[in-house]
Amino acid sequence: MTTRVEAASPIAEGLGTNLSTGRFARLKAWLLWVLLAIGTAVAVALWWTASGTGESPQYVTEPVKRGDLIVIVSATGTLAPTNQVDVGSELSGIIKTVEVDYDDRVRVGQVLARLDTTKLDAQTMQSRAALEAAQAKLQQTQATAEEARAQLARLEQVHQASKGRVPSAQELDAQRAAMKRAEADQANAAAACRRPGPLSTPSRPISPRW
């Protein structure tokens, strides 16, 4: 038993030594590759940093020149004019003719459109007839008022001449009331003459105003 153990010991020692030596060699090679990769990465980083910040800035100079400025404005939405003119008229009705077209330039006082004045002319004639009738009514009421005043004056003269006997006080009061009614009718007829009718002025063409 002693001889076998002694014979086996050198073999075991040789195998253990060989195994330890191979493991150390592999570990050493692995560490060498790791250190080489780290060194390469550090060298690349240093070179990149030096090449990026080490250069001085470059300036380009040009002589002064005179030229035109070009301004370009872009926007979205609906276009609106800076000055907008509203074209309108004091009259309304059916358009007979149009004297301008879309986007035409117009000036103050230019005729843009003409109205059909058939109905307006009829209203004008009707208003004039009503005015003439009111004036005739005014003349009639004026005559009635003058007649009532004259009748009252005669009654008062008779009353004074008869020393109050004729006419009676009732007749004088009735005549005074009739004169006041005649004067009121005259004032009403005068107001009807001054009152504007449906259309007091003739029609005019539609023109711009601003």
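Values in this text are rule-based calculations from the coordinates and carry no lab data. Because the structure is a prediction, the values reported are computed rather than measured. Methodologically, a virtual Cβ is constructed for each residue, glycine included, from the backbone with ideal geometry; neighbour enumeration extends over all protein chains shown.
Taking amide hydrogens as modeled 1.01 Å from N in the peptide plane, which residues meet the under 5 Å criterion relative to E99, leaving out close sequence neighbours?
A113, R114
How far apart, in nm, are two points set 7 Å out from the Cα along the Cα-to-Cβ line at V34 and at A130?
Taking the simple label geometry, V34 and A130 are separated by 11.6 nm.
Go through 94-107, 168-181 and give me the packing order, highest mean Cβ count within 10 Å leading.
168-181, 94-107
Using 7 Å Cα-to-Cβ label points, what is the Q170/R195 separation (nm, one decimal)?
Those two pseudo-labels are separated by 3.7 nm.
Under a point spin-label approximation (7 Å from Cα along Cα-to-Cβ), what is the Q142-K96 distance to one decimal in nm?
3.7
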